[in-house]
């Protein structure tokens, strides 16, 4: 069959069906109008109930005290468009460390950090703070075994609890990554976490713990990062704490240390 002929037949069939539907609708319109007229007469006509007629014709009363509560449980549109951003993860809810969390220790004030020029910074990171735990372990002076220790790192949240007692995760900090190497010349621990505490508060905390545990504590700014580090002669202990401010407040912290638990 020719395509145009089929198209015309289909069009005619659709038009016929539409006209039939309209005809049926028109047939029912007159009957519906009569029923509506009869109902109006019954409700408001001469023979209607006066009370019913008064109620129907009376003005609708509105309580102003209740108008403001209309739709009070509906979800309202935000004051400004959503931008899809995620709040910074700075620690656990209510994450401000109390005096008890800090072991009721009176913290020493960390000295003002010494700024190290880029040309004088031999072990500064080259990734602008976005370093891996392997690179931190390799660069920050606590590696052992001629650079082979960082290659042996094993990852797992459990390593965060095995940091040296002198350098635990800051109270109520949120661990993001942790790794370590067990025993031997490569007995190191590495952890990355965030906290709502200020960078000064975190620096004071680790500076105090280092000094009171017999470690040296050099505080520097290297390539924009705050770095606190030192050693202890009696057991060869060493540590490095790297601190960076978070854009939404709080501090991002990386710690590399040996002689862990």
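The values are calculated or read from the model by the stated rules, or taken from the named source; none is laboratory data. Please read all numbers here as calculations on a predicted model, not as lab measurements. When we count neighbours, we look across all protein chains shown, and the Cβ atoms used for this are built from the backbone with ideal geometry, even at glycine.
Any residue at all in the stretch 144-153 that's modelled with pLDDT of 60 or more, touching a helix residue (DSSP H, G or I) at 6+ places or on another chain (Cβ under 7 Å) and under 20 Å from residue 213 (Cα atoms)?
no
Just checking, does the stretch 163-178 include any residue being at pLDDT below 85 and either in contact with a strand residue (DSSP E or B) (Cβ under 8 Å, 6 or more places away or on another chain) or in a loop (DSSP other than H, G, I, E, B) (or both)?
For the stretch 163-178, residues at pLDDT below 85 and either in contact with a strand residue (DSSP E or B) (Cβ under 8 Å, 6 or more places away or on another chain) or in a loop (DSSP other than H, G, I, E, B) (or both): absent.
Which residues, counting only those in the stretch 226-258, are surrounded by fewer than 19 Cβ atoms within 10 Å (Cβ to Cβ) and touching a residue at least 24 places away in the same chain (Cβ under 8 Å)?
235, 244, 245, 246, 247, 248, 249
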